[in-house]
Amino acid sequence: MDRFDDSPETALRWYSDGKPTALATVVETWGSAPRRVGAQLVIGGDGRIEGSVSGGCVEGAVVVEALEAIDEGEARLLEFGVSDEDAFAVGLACGGTIRVLVEPVGKVLPEPMLRELVQARAQREPVAYEVNIETGHRALRRNAYPERLRMDRSGFEEDGQTFVAVHNPPLRLIIVGAVHIAQALVPMARIAGYDPAIVDPREAFASSERFPGETILTDWPDEAVAKLGMDSRTAVVLLTHDPKLDDPALQSALQAGFFYIGALGSTRTHAKRVARMKEAGFTEAQIAHIHGPIGLDIGAASPSEIAVAILAQMTAVLRGKA
């Protein structure tokens, strides 16, 4: 599973240590590739590598080309035809074509630009790296390519020359209420690529025994949400049924840029929740961001089924389908 690929950070660290370094990026590939467009491999001048651009069938050739590119100080756009035999070896049904852009750091990919990219990633700021493979023009774009950022989709623009690499921060999920549904939702969210955090001031619920190895905060929910941070790559799910716990977190969420806000409860419970938010001064447009009753209507009954419905709705909202 692809999580937060730290290739840019590795490339910057190696280069800053005085080691010649190149960054190789998948720019096109066949449909069922083991690595997505945008996947990266870092190559050191001493032959060290970190990351991956395929399941292993082209890495060796990419390394050879990258070492030559480092010596020459020029970018290279590589294209490999992958045979059916090689494709099958890495778990594909058939072969195809993979294109990889190799950029030596410093001579081609400016070190200040790479450093700026790493800083943006550290600050959980979505950013797009843009390179024109014909002219060599490179830039970091903020507040651009909203559809690509929303879909986590790197690739070429319609001109066939401008490649856009999406750098989104990892998805996060804040769960208020360490209840049975949360116990089912946390492992499902991890599989889907989220970093979950459980918030509940009731220590009997928010225990490491119930959530082994997970981030648990026993602060009051609004304080915990502020501590965890609020941005467009974060979802918040309210599961306590208790307004004293849910409402403080909900009010913080409505003031932030969370991409998803979901609250457990019946239609009647949600109507009361809406009334409380109106009394608190929130507009109808803000309140409309709350998904309540939470989750897609799939007839879920058990905690695990409700967790499936919640995660499905989160995905639909993230990808613009709901």
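The values are calculated or read from the model by the stated rules, or taken from the named source; none is laboratory data. All values reported here derive from a predicted model rather than from experimental measurement. Here the Cβ is made from the backbone with ideal geometry for all residues, glycine too, and neighbour counts use every protein chain on show.
With respect to being at pLDDT 95 or above and in contact with a strand residue (DSSP E or B) (Cβ under 8 Å, 6 or more places away or on another chain), Val186 fits the description.
When you scan the range 142-164, how many residues do you find that are of a type outside the set (A, V, I, L, M, F, W, C) and either part of a helix (DSSP H, G or I) or surrounded by 14 or more Cβ atoms within 10 Å (Cβ to Cβ) (or both)?
Result for the range 142-164: 10.
Assigned to a helix (DSSP H, G or I) and either modelled with pLDDT under 95 or touching a strand residue (DSSP E or B) at 6+ places or on another chain (Cβ under 6 Å) (or both), is that true of Leu311? Against the criterion (assigned to a helix (DSSP H, G or I) and either modelled with pLDDT under 95 or touching a strand residue (DSSP E or B) at 6+ places or on another chain (Cβ under 6 Å) (or both)), Leu311 does not qualify. Tallying residues that are closer than 13 Å to Gln255 by Cα and of a type in the set (A, V, I, L, M, F, W, C) within the range 224-234 yields 3. When the range 48-57 is filtered for residues that are farther than 12 Å from Arg35 by Cα and surrounded by 14 or more Cβ atoms within 10 Å (Cβ to Cβ), the ones remaining, listed by number, are Ile49, Glu50.
Sort through Ile216, Ile261, Ile198 and tell me the only one that's over 16 Å from Ala178 (Cα atoms), among the β-branched types (Val, Ile, Thr) and either in contact with a strand residue (DSSP E or B) (Cβ under 9 Å, 6 or more places away or on another chain) or surrounded by 15 or more Cβ atoms within 10 Å (Cβ to Cβ) (or both).
Ile261
Being in contact with a His (Cβ under 8 Å, 6 or more places away or on another chain) and either of a type in the set (Val, Ile, Thr) or on the phi < 0 side of the Ramachandran plot (or both) is the filter here, so list the residues in the range 259-281 that pass it. Spell out the reasoning first.
Filtering the range 259-281 for residues in contact with a His (Cβ under 8 Å, 6 or more places away or on another chain) gives 260-265, 269.
Hits for the range 259-281 are Tyr260, Ile261, Gly262, Ala263, Leu264, Thr269.
Kindly indicate whether any position in the range 87-100 is modelled with pLDDT of 90 or more and either part of a loop (DSSP other than H, G, I, E, B) or not hydroxyl-bearing (Ser, Thr, Tyr) (or both).
First pass over the range 87-100, keeping only residues modelled with pLDDT of 90 or more: 99-100.
Then keep just the ones that are either part of a loop (DSSP other than H, G, I, E, B) or not hydroxyl-bearing (Ser, Thr, Tyr) (or both); that gives 99-100.
Yes - at least one qualifying residue is present in the range 87-100.
All of Ser304, Ser232, Ser266 fail the test of being without any contact (Cβ under 8 Å) to a residue 60 or more places away in the chain and either aliphatic (A, V, I, L, M) or surrounded by fewer than 19 Cβ atoms within 10 Å (Cβ to Cβ) (or both), apart from Ser266. Here is a check on your reading of the model: is Gly18 at pLDDT 90 or above, touching an Asp or Glu at 6+ places or on another chain (Cβ under 9 Å) and farther than 24 Å from His137 by Cβ? Considered against the rule, which asks whether it is at pLDDT 90 or above, touching an Asp or Glu at 6+ places or on another chain (Cβ under 9 Å) and farther than 24 Å from His137 by Cβ, Gly18 comes out as no.
Considering the conditions (1) part of a loop (DSSP other than H, G, I, E, B); (2) aliphatic (A, V, I, L, M); (3) surrounded by 14 or more Cβ atoms within 10 Å (Cβ to Cβ), Ala204 is excluded by exactly one of them, (3). For Gly281, the test of being touching a residue at least 40 places away in the same chain (Cβ under 8 Å), over 19 Å from Ala184 (Cα atoms) and surrounded by fewer than 19 Cβ atoms within 10 Å (Cβ to Cβ) is failed. Note on the range 58-76: among residues that are more than 26 Å from the chain's Cα centre (by Cα) and acidic (Asp, Glu), the one that is surrounded by the most Cβ atoms within 10 Å (Cβ to Cβ) is Glu65. Applying the condition of being buried (at least 20 other Cβ atoms within 10 Å of the Cβ) and part of a loop (DSSP other than H, G, I, E, B) to the range 21-34 and asking which residue is modelled with the lowest pLDDT yields Ala33. For Ser266, the requirement of being within 21 Å of Val199 (Cα to Cα) and at pLDDT below 95 is not met.
Restricting Ile70, Ile49 to residues that are in the same structural domain as Ser154 (by TED's automatic domain parsing), farther than 27 Å from Met151 by Cα and in contact with a Leu (Cβ under 7 Å, 6 or more places away or on another chain) narrows the list to Ile49. Please tell me if Ala235 is in the same structural domain as Arg190 (by TED's automatic domain parsing), more than 15 Å from Ala178 (Cβ to Cβ), among the aliphatic types (A, V, I, L, M) and in a strand (DSSP E or B). Taking the combined requirement at face value, the residue satisfies it.
Conditions tested, residue by residue: (1) in the same structural domain as Ala178 (by TED's automatic domain parsing); (2) hydroxyl-bearing (Ser, Thr, Tyr); (3) within 21 Å of Gln313 (Cβ to Cβ).
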position: Asp246; (1), (2), (3): yes, no, yes
position: Ser266; (1), (2), (3): yes, yes, yes
position: Arg276; (1), (2), (3): yes, no, no
position: Gln286; (1), (2), (3): yes, no, yes
position: His289; (1), (2), (3): yes, no, yes
position: Pro293; (1), (2), (3): yes, no, yes
position: Asp297; (1), (2), (3): yes, no, yes
